[in-house]
Amino acid sequence: MSELAQLRVYRFDSGAVFEGGLIAAIERLELGKRRALLDALFVRRDPASGALEAVDLGIGGADATLASLLDFRLDSGRRRALTERTLTEHRGGVPRPLIEAIAATLERGGAIFAVLQIGPNATVLEDAVARCGGQRVADEPVEAHALAQVGSELRTAVGAAPART
């Protein structure tokens, strides 16, 4: 890999409001000429039930689109289906044990959003995170092209317990 990727991880407390700003920021990142979004993972605890919700763009296929992210946000049935797919299909995606470890650090309504990108700092993403009530907890260069390759860095960023070996 000629250029190091940037791992950015954001944490949202239970009061965070997601109204589509993150999706719009991802769309802008994908359209930018010098910014390439390599991968993204969103993990949340449902505010009412505490259930794990997750969507990972790294699993590939037809659902790795902005439309799937919009479905995830707006449609509870699709959210459950995308979560199940994220937890069971690993084809390059973040493994289930890591997603569960990330979720274990969250209170009801809390969320983690991790992105891997190349190119200059994405102020559009930083602005969207701030509007949602989130804060950056990690920003580091990594030699990777998928979030599945930076499991230890993700664990450290969110304060998850180390993986058992």
Exception for PRO97 within (1) in contact (Cβ under 8 Å) with a residue 60 or more places away in the chain; (2) closer than 25 Å to SER49 by Cα; (3) in contact with a strand residue (DSSP E or B) (Cβ under 8 Å, 6 or more places away or on another chain) falls at (3)
Taking region 140-165 and keeping residues outside any helix (DSSP H, G or I) and either under 14 Å from ALA40 (Cβ atoms) or of a type in the set (Phe, Trp, Tyr) (or both) leaves ALA144, HIS145, ALA146
Counting only residues in region 134-165 that are modelled with pLDDT under 90 and over 14 Å from LEU38 (Cα atoms), the one surrounded by the most Cβ atoms within 10 Å (Cβ to Cβ) is identified as ALA160
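The values are calculated or read from the model by the stated rules, or taken from the named source; none is laboratory data. This is a predicted model, so every value here is computed, not measured. Here the Cβ is made from the backbone with ideal geometry for all residues, glycine too, and neighbour counts use every protein chain on show.
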